[in-house]
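Comments concern the structure below.
The values are calculated or read from the model by the stated rules, or taken from the named source; none is laboratory data. Computed from a predicted structure; not experimentally measured. Note that each Cβ is placed from the backbone with ideal geometry, even for glycine, and that neighbours are counted across all protein chains shown. Just so you know, the surface numbers come from the protein's heavy atoms only, side chains and all, with ligands and any DNA or RNA stripped out. Shrake-Rupley method; radii C 1.70, N 1.55, O 1.52, S 1.80 Å.
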Amino acid sequence: MESLRRWLPIVLLLLVAGWHVVMLVVWDHSSWGAGAGFGMYSKIDAHPFRFTRTTLTLDGREIRISLPEEVRHEELEWRVLPTEARGRMFADALLELNWNDEGKPSADGRPAERVRVELFALDVDRQAHRVDAVSKRVVEVDR
Amino acid sequence: MTLSERLQVVAVGTCAVQVFVALHDKVMFVAVVPLIAALAVPRLRTNSWLWILMALVWVPRMITNWIHYEDHCYLAIYWTLGLGLALRDENPWEVLQHHARWMVGLVMGIAAVWKIAVPAFRDGSLFSLVLARDTRFAPLLSRVAGGVDETSWREGASAITAMMYKPDGPLSATWNIGPRTELVVDGMVAWTILIEVGMAVVFLAPNRWRTSALRAPLLLAFCWGLYPIVPILGFGLLLPMMGAVVDSERPLAAKAYMASMVAFVLIGLAESWHWQEAIADLLVG
């Protein structure tokens with residue numbers, strides 16, 4: 001029992017941090033936040049520096065849209081854990097919404113026929129003071 | 001301070017940390033508010049089961065609402081559990097010091113390993129990008145370090161923002177933080193690796209080693225080099241408190257830690273009045 005009192009929190013810290021590393025290696029989980037790997041301010045390819053772009057197909061026309069508030073949570077989850085499944089959850093959440101002609105969510109609008117979401121990471125060339133967006137994953141779902 | 005007084009102070013400090021963690025998941029105020037009420041009864045502050053319960057009560061939300069739980073939230077829960085377990089021991093303060101020493105040492109060691117292992121950190125790319133996007137320091141560094149004008153810095157930050165957040169934005173951007181600020185970046189990289197490795201070594205080394213005298217200087221230097229700039233209050237409260245527990249036999253160090261906790265809270269509040277610009281105006285006008 002004395003060992004348990006002395007070491008349980010420490011062992012938990014190590015196990016959870018180790019699991020975070022496994023998630024990073026296997027699923028490209030962000031090294032920052034949303035976890036306990038203590039990898040903050042280490043990698044550029046982490047969710048604060050990942051971003052998404054969304055394209056809707058409305059009446060046969062493709063529109064690129066800004067991220068609506070209604071799906072911010074799903075989008076954040078995809079940036080943190082950029083798997084195919086999380087991407088589909090994000091895209092499905094967009095399919096649930098109705099849209100007006102300007103590509104804004106609208107209760108009076110109509111649903112999209114297709115949603116395409118793309119996740120980007122940043123690639124930095126420090127010498128050139130340049131940053132490029134690199135596509136990590138694309139998910140397309142049809143209604 | 002007597003043992004009882006020390007434990008009371010740690011209890012209040014841990015409660016403050018719990019309140020801060022609850023800000024990340026406001027539903028948890030349902031649990032934290034009763035804790036604050038319980039702590040109004042002095043003898044409950046050192047009730048081991050209260051603290052063990054206050055650690056376990058977070059677990060369901062950490063699983064279901066995992067996206068909102070950052071590293072310092074986890075550390076706060078490990079610490080809360082450690083406090084509860086220590087209070088069940090014959091020598092609670094010694095066990096608490098053990099927890100604090102190992103938690104600080106491991107957190108710093110793990111963080112150092114990440115940074116050493118990642119090329120984008122080692123070559124300064126990450127810190128360059130962070131500074132290029134963070135215009136809080138543009139007024140100060142552009143005027144004090146020189147080599148770049150504030151407008152140019154802000155244009156670079158805007159270009160990166162447009163790339164990341166405009167639906168039809170470009171897929172590349174350039175920035176300019178000036179050659180002297182780039183030197184500051186190199187210094188930041190070296191400092192960060194050295195201090196995190198240093199802290200891991202001195203906190204994980206046995207207490208009887210002379211390196212234990214370096215714990216307070218290194219941890220205070222780390223905290224003051226980071227939290228005024230990046231006010232992560234979760235760590236800014238927890239790490240100094242752990243340091244004060246480890247160095248409780250060094251009154252000056254313990255006071256410095258406690259004063260730092262107060263200062264970081266005030267700095268966090270002052271962030272809203274852009275102290276960096278105020279200093280730039282003061283220095284250069």
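Shown for region B:49-203 is the translational diffusion coefficient from the Stokes-Einstein equation, using the Kirkwood radius over Cα pairs, a temperature of 25 °C and a viscosity of 0.890 mPa s: 130 µm²/s.
Considering only A:Trp78, A:Ser106, A:Leu122, and ranking their Cα positions along the charge dipole of chain A that arises from unit charges at the beta-carbon of Lys, Arg, Asp and Glu, the one farthest toward the positive end is A:Leu122. Summarising the overall dimensions of region A:1-59 from its C-alpha atoms, the Rg and Dmax are 17.4, 68 angstrom.
Counting Cα-Cα pairs of region B:1-66 in 5 Å increments starting at 0 gives whole-percent bin shares of 4, 17, 29, 24, 14, 8, 4, 1, 0.
Reported value for region A:75-143: 104 Å³ per residue, from the convex hull of its C-alpha atoms. Projected onto planes of every orientation and averaged, the convex hull of the alpha-carbon atoms in chain B covers 17.4 nm².
Computed from the C-beta positions of A:Val134 and A:Arg61 and an R0 of 30 Å, the FRET efficiency is 0.60 to the nearest 0.05. About its Cα centre, the dipole of region B:1-127 is roughly 120 debye, where the only charges are +1 on Lys and Arg Cβ and -1 on Asp and Glu Cβ. Computed with a 1.4 angstrom probe on protein heavy atoms, the B-A interface buries about 5000 square angstrom of accessible area in total. Does region B:147-193 come out rounded, prolate or oblate by the C-alpha gyration tensor, with a ≥ b ≥ c the root eigenvalues, rounded set by a/c under 1.5 and, if not, prolate when a/b is larger than b/c and oblate if not? Oblate, since a/c reaches 1.5 and b/c is not below a/b. Between 0 and 90 degrees, the angle of helix B:233-246 with respect to the longest Cα principal axis of chain B falls at about 50 degrees. Partner lysines whose Cα lies under 25 Å from the Cα of B:Lys26, excluding those fewer than 8 positions away in the same chain, are not found. Does anyone have the angle between helix A:2-27 and the longest principal axis of chain A? Alpha-carbon axes, 0 to 90°, nearest 10? So the inclination is approximately 40 degrees. Counting only Cα atoms, the protein assembly as shown measures 74, 50, 37 Å along its principal axes, largest extent leading.
Rounded to the nearest 20, the Cβ-based charge dipole of chain B about its Cα centre (Lys and Arg +1, Asp and Glu -1) stands at 640 debye. Dipole size of region A:34-143 about its Cα centre, with +1 on Lys/Arg Cβ and -1 on Asp/Glu Cβ: approximately 420 debye, rounded to the nearest 20. Calculated mean residue ellipticity, 222 nm, the protein assembly as shown: -19000 deg cm²/dmol, from DSSP H runs (n ≥ 4) at -39500 (n - 2.57) each, averaged per residue and rounded to 500. Its alpha carbons give chain A an Rg and a Dmax of 19.2, 68 Å. For chain A, carbon and sulfur atoms together expose 51% of the accessible surface, with a 1.4 angstrom probe and every protein chain in place. With protein chains left intact and a 1.4 Å probe, residues in chain A average 47 Å² of accessible area per residue.
Residues whose amide H lies under 5 Å from that of A:Arg137, counting only those 5 or more places away or on a different chain, are A:Leu119; hydrogens are built 1.01 Å from N in the peptide plane. Axis angle, to the nearest 10 degrees, between helix B:179-204 and the longest C-alpha principal axis of chain B: 20 degrees. Just going by the charge dipole of the protein assembly as shown, with Lys and Arg at +1 and Asp and Glu at -1 on Cβ, which of A:Gly39, A:Val134, A:Ile65 is farthest out on the positive end? Sorting the options by dipole projection puts first A:Gly39. A:Met1 exposes around 150 Å² of accessible area when a 1.4 Å probe is run over every protein chain in place. Among the residues of A:116-129, the average count of other protein chain beta-carbon atoms within 10 Å of the residue beta-carbon is 4.
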